[in-house]
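Colleague: Pasting in a structure now, in structure tokens, and then I'll have a few things to ask.
Only the coordinates and a few stated rules stand behind these numbers; no lab work does. Values in this document were obtained by computation on a predicted structure and should not be read as measured data. Cβ placement follows ideal geometry from the backbone for every residue including glycine, while neighbour counts extend to all protein chains displayed.
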Amino acid sequence: MSAVIDDHGHADHDHAHGPAKGLMRWVLTTNHKDIGTMYLWFSFCAFLLGGSFAMVIRAELFQPGLQIVEPAFFNQMTTMHGLVMVFGAVMPAFVGLANWMIPLMIGAPDMALPRMNNFSFWLLPAAFLLLVSTLFMPGGGPNFGWTFYAPLSTTYAPESVTFFIFAIHLMGISSIMGAINVIATILNLRAPGMTLMKMPLFVWTWLITAFLLIAVMPVLAGVVTMMLMDIHFGTSFFSAAGGGDPVLFQHVFWFFGHPEVYIMILPAFGAVSSIIPAFSRKPLFGYTSMVYATGAIAFLSFIVWAHHMFVVGIPVVGELFFMYATMLIAVPTGVKVFNWVSTMWEGSLTFETPMLFAIAFVILFTIGGFSGLMLAIAPADFQYHDTYFVVAHFHYVLVPGAIFGIFASAYYWLPKWTGHMYDETLGKLHFWLSFIGMNLAFFPMHFVGLAGMPRRVPDYNLQFADFNMVSSIGAFTFGATQIFFLFIVIKCIRGGKPAPAKPWDGAEGLEWSVPSPAPYHTFQTPPEVK
Amino acid sequence: MNEGISIKRLVLRLLVLTVVMFAFGFALVPIYDVMCRAFGINGKTGGQYEGTQVSDPTRSVRVQFMSTNASDMVWDFYSTADQIDVNPGAVNQMIFVARNPTDKPMTAQAIPSITPSEAAAYFHKTECFCFSQQVLQPGERIEMPVRFIVDRDLPKDVKHLTLAYTLFDITARQPPVAHVATPPAQSAR
């Protein structure tokens, strides 16, 4: 594989003048910018698809009673919404950003393993075609929740579950290859002088995320393989009748699942750590502590998984351990939040769209963090478990956390990608509509959750009617706003004010030393980092 | 650009890590079993108990019995008494009854569970129908004994235990054969 790197001198002769023409450019490309672009578009399509599933959910919950869809289909919608958003929208978006930005940030000519890069992208459309096709199969698609607890996903699963399992396998292979590529790029292709502790935080958080991916995606592959064997080969990993234990499924799943939630948030931490200093016109406060805090969060993510399953009957000692370990995560996360706030302190702040999304990220993610602390309290969790309070919590960390992080990154780097400035007025409008829609959708869920409304149920008690209607209106606003985002991006690609190499006067980093739009090949000769 | 270790070797190491973590996922299965047994998590009871203990007449523990059918299981299944008071260390017996009301031979497997789960490690079964499968011919009725010892070291605050059995229909997994003795237990339950 090192041969690919050695060949670079020769390969450049072939396409030094730019990309190949036509469709085959995208099918065969090994260029990190092309692949990054494809990842981002794929992620956006999945975002709209998963979002449309959410619209079905919110339409059904607009009023109490059953109006629009059958409960069985509602279950498929909640499941597919979760799966598509986690594996199709958020994760590929960050891989796309990594592809585009990591080589530019560390002064590398491309990713370390360009052919594998192409393969890991093209596995994704295959995986998602497989997953989405299950909706049209007899018996319907996955209906057991995105956490696919056994025996719902084994004994009581629809026939299509096997396709779901293979889709997860393909996504897992894709993610692992992507992670290996990121690690190899960061560890081997940094420009001279770019020491580890000089790397931008986005690169650092991605390095740690990549290790998390390699550590837990194989465990996910393992757990779906066990399901496959239980369903088709007569084993009893999760079947009590044969000596297995359904609770084991939850342990193995959450051993993957908890690091997974940090996989979805750490790269956003990194991006925001570039954006806030740029618009505060101050260097990031506490760079070193940011790196160590990221490492600490990653480590802690492996020893807290059972806080998702406080109610399965864990011994009190276990509940206490997982409760305290979970609360401990608030410490490194708090370090990060205070560092971002300190970076803004006495800075010369301006509020362009990326900065608006970044500030909203800090505030709203912290709200999600606080509801997480409430959920971490084991005795209180018995009340909150499987209610809308949990739904409110993880949407507060994922929507204004991961998704706003991605929006902030997109606006921040769009000038570098397209060579044009996006329309600032429209960008701000997109921010405010998203901000209002998102809070309207998810904030009332805290209240109905605390009052006992269970999640994943298509009907509810009349007392929850008003809050649910507000949630649905907020969700429709947020959903429609994202079509508007598509318009803003297309407008920016097709034209607009030409972007200088460094459109943000406070921005730091090697990516701003190349012209906008970034040429097809950059850093053929590594830059010197002082 | 290169920090001593080649990309090839790095990728190889990362692939090895991937394989190790895949194996680790499967290793969690026996690890979970060992942890459950060691800490009495999930109320899993041990296999057949070979030891004997001296009865402690000064202490009495109430043992309740529950029998539940898993979904799709149609057998009649119950214990002959709801509860008994036992002395730790003494050998006790309870008879469970099962009847196959269908017109087909069927195989069943009972899975025990102890509540509170901390007490599971102190509940020893010297004989249990859950150690093997039950094959019942159409209309056949069987009386199945459980002999057990509540350990003398049972924590003092536990005054009350529940032994719950769930009966699963495993006919599809283990087709019933002619009316012979059930096969010996393959593994401890």
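Colleague: Just how large is the dipole of the protein assembly as shown about the Cα centre, in debye to the nearest 20, putting +1 at every Lys and Arg Cβ and -1 at every Asp and Glu Cβ?
Modeller: Result for the protein assembly as shown is approximately 1140 debye, rounded to the nearest 20.
Colleague: Another question about this same structure. From the helices alone, meaning DSSP H stretches of at least four residues, give me the mean residue ellipticity at 222 nm for the protein assembly as shown, per-run term -39500 (n - 2.57), in deg cm²/dmol to the nearest 500.
Modeller: Computed mean residue ellipticity for the protein assembly as shown: -17500 deg cm²/dmol.
Colleague: Which residue, chosen from A:VAL337, A:VAL252, A:LEU123, occupies the Cα position most advanced towards the positive end of the dipole of the protein assembly as shown, where the dipole is computed from +1 (Lys, Arg) and -1 (Asp, Glu) charges on Cβ about the Cα centre?
Modeller: Farthest towards the positive end: A:VAL337.
Colleague: Multiply the residue separation of A:PHE233 and A:GLU346 by 0.36 nm, subtract the distance between their alpha-carbon atoms, and state the gained length in nm to one decimal.
Modeller: Using 0.36 nm per residue and subtracting the Cα-Cα distance, I get 34.3 nm.
Colleague: Another question, then. Between segment B:101-149 and segment A:30-105, how many Å separate their Cα centres?
Modeller: What the calculation gives is 48 Å, centre to centre.
Colleague: Taking just the alpha-carbon atoms of segment A:35-256, what radius of gyration and Dmax come out, in angstrom?
Modeller: Over segment A:35-256's Cα set, Rg and Dmax evaluate to 19.4, 64 Å.
Colleague: For the charge dipole of segment A:403-530, defined by +1 on Lys and Arg C-beta atoms and -1 on Asp and Glu C-beta atoms about the Cα centroid, which residue among A:SER471, A:PHE435, A:PRO526 has the Cα displaced farthest towards the positive pole?
Modeller: Toward the positive end, the furthest listed residue is A:PRO526.
Colleague: Determine the gain in length on full extension of the stretch B:THR68-B:ALA81; use 0.36 nm per residue of separation and subtract their C-alpha separation, reporting nm with one decimal.
Modeller: So the chain would gain 3.2 nm between B:THR68 and B:ALA81.
Colleague: Hey, what angle do you get for helix B:7-39 against the long axis of chain B, alpha-carbon based, 0 to 90 degrees rounded to 10?
Modeller: 20
Colleague: Using Cα-Cα distances under 8 Å and only pairs 6 or more residues apart, what relative contact order does chain A have, in percent?
Modeller: Values: 865 pairs, mean separation 94.5, N = 530.
Relative contact order for chain A comes out at 18 percent.
Colleague: Moving on. Using only alpha carbon positions, build the gyration tensor of the protein assembly as shown, then give the equivalent ellipsoid semi-axes as the square roots of 5 times its eigenvalues, largest first, whole angstrom.
Modeller: 53, 27, 25
Colleague: Counting other beta carbons within 10 Å of each Cβ, put A:VAL391, B:VAL20 in order, fewest first. Mind showing how you got there, number by number?
Modeller: Numbers: A:VAL391 21, B:VAL20 13.
Ranked by crowding around the Cβ, least crowded first: B:VAL20, A:VAL391.
Colleague: A further question on this structure: What is the order of A:TRP206, A:TRP340, fewest Cβ neighbours within 10 Å to most?
Modeller: Starting with the residue having the fewest Cβ neighbours, the order is A:TRP340, A:TRP206.
Colleague: What percent do you get for the relative contact order of segment A:426-481 when only Cα pairs under 8 Å and 6+ apart count? Before the final figure, lay out each step's value.
Modeller: Working: 47 pairs, mean separation 32.6, N = 56.
Contact order relative to length: 58 percent.
Colleague: So the label point goes 7 Å from the Cα of A:LYS198 along Cα→C-beta, right? Which residues of segment A:103-143 then have their backbone N under 17 Å from it?
Modeller: A:103-109
Colleague: So, R0 is 25 Å and r is the distance between the beta-carbons of A:LEU66 and A:ARG455; what FRET efficiency does that work out to, to 0.05? Spell out each step's value before the answer.
Modeller: On the way: r = 17 Å, r/R0 = 0.67.
With a Förster radius of 25 Å, E is 0.90.
Colleague: How far is helix A:201-232 tilted off the main Cα axis of chain A, in degrees rounded to 10, range 0 to 90?
Modeller: 40
Colleague: Okay, moving on. In whole angstrom, how far apart do the alpha carbon centroids of segment A:414-458 and segment A:338-363 sit?
Modeller: Between the Cα centre of segment A:414-458 and that of segment A:338-363, the gap is 18 Å.
Colleague: Continuing with the same structure: Taking the Cα centre of each part, how many Å lie between segment B:22-61 and segment A:149-219?
Modeller: Segment B:22-61 and segment A:149-219 have Cα centres spaced 36 Å from each other.
Colleague: I've got another one for you. In debye, nearest 20, what is the charge dipole magnitude of segment B:44-169 about its Cα centre with +1 on Lys and Arg Cβ and -1 on Asp and Glu Cβ, if you could check?
Modeller: Dipole magnitude for segment B:44-169 comes out near 200 debye.
Colleague: For a Förster distance of 25 Å, can you work out the FRET efficiency between the beta-carbons of B:SER55 and B:VAL34, rounded to the nearest 0.05? Each step should come with its number before you reach the end.
Modeller: Numbers: r = 31 Å, r/R0 = 1.24.
Here the calculated transfer efficiency is 0.20.
Colleague: According to a simple spin-label model (label point 7 Å from Cα along Cα-to-Cβ), what is the distance in nm between A:ILE490 and B:THR115?
Modeller: 5.8
Colleague: Given +1 on the Cβ of Lys and Arg, -1 on the Cβ of Asp and Glu, and no further charges, what dipole in debye does segment A:35-256 carry about its Cα centre, rounded to the nearest 20?
Modeller: On the way: 4 positive and 6 negative charges, 133 e Å.
The calculation lands at about 640 debye.
Colleague: Which is the longest run of chain B containing none of the GluC sites (Glu not before Pro) found in DSSP loop states (not H, G, I, E, B) with at most 16 other C-beta atoms within 10 Å? Show your work: numbers first, answer last.
Modeller: Working: sites that count: B:GLU3, B:GLU50, B:GLU140.
Between exposed loop sites, the widest span is B:51-139.
Colleague: Give me A:MET199, A:MET217, B:MET73 sorted ascending by neighbouring Cβ count inside 10 Å, so fewest comes first. Mind dumping the intermediate values first?
Modeller: On the way: A:MET199 23, A:MET217 28, B:MET73 17.
Least to most surrounded, the residues fall as B:MET73, A:MET199, A:MET217.
Colleague: Same structure again: Pick from B:VAL19, B:VAL11, B:VAL34 the residue whose mean-square fluctuation is largest in a GNM of chain B, springs joining Cα atoms under 10 Å.
Modeller: Looking only at B:VAL19, B:VAL11, B:VAL34, the largest GNM fluctuation is found for B:VAL11.
Colleague: Measure nothing but the geometry: give the 0 to 90° angle between the long axis through the Cα atoms of A:465-494 and the longest principal axis through the Cα atoms of chain A, rounded to 10°.
Modeller: So the helix axis and the longest Cα principal axis differ by about 20 degrees.
Colleague: Would you work out which of A:PRO315, A:PHE370, A:TYR156 lies farthest towards the positive end of the dipole of chain A, given +1 charges on the beta-carbon of Lys and Arg and -1 on that of Asp and Glu, about the Cα centre?
Modeller: A:PHE370
Colleague: So what's the net charge close to A:LEU510: Lys and Arg +1, Asp and Glu -1, counting the other residues with Cβ under 12 Å from its Cβ?
Modeller: Numbers: positive: A:ARG190, A:LYS198, A:LYS416, A:LYS502, A:LYS530; negative: A:GLU508, A:GLU511, A:GLU528.
Here the charged neighbours net out to +2.
Colleague: Rounded to the nearest 0.05, what FRET efficiency is calculated for A:TYR149 and B:ILE5 with R0 set to 51 Å and r the Cβ-Cβ distance?
Modeller: 0.80
Colleague: Report the rotationally averaged projected area of segment A:191-339 based on its alpha-carbon convex hull, in square nanometres.
Modeller: For segment A:191-339, averaging the hull's shadow over all directions gives 11.4 nm².
Colleague: A further question on this structure: Normalized C-alpha radius of gyration of segment A:479-529, against 2.2 N^0.38 Å?
Modeller: 1.50
Colleague: Same structure again: Evaluated at 4 °C with a viscosity of 1.567 mPa s, what Stokes-Einstein diffusion coefficient in µm²/s does segment A:281-412 have when Rh comes from the Kirkwood expression over alpha-carbon pairs?
Modeller: On the way: Rh = 16.1 Å.
Answer, rounded: 81 µm²/s.
Colleague: Okay, next question. Tell me the relative contact order for segment A:17-126 as a rounded percent, counting alpha carbon contacts under 8 Å between residues six or more apart.
Modeller: It comes to 43 percent, rounded to a whole number.
Colleague: Can you compute the modelled spin-label distance between A:MET374 and B:VAL158, with each label point 7 Å from Cα toward Cβ, in nm?
Modeller: Reported label-point gap for A:MET374 and B:VAL158 is 3.6 nm.
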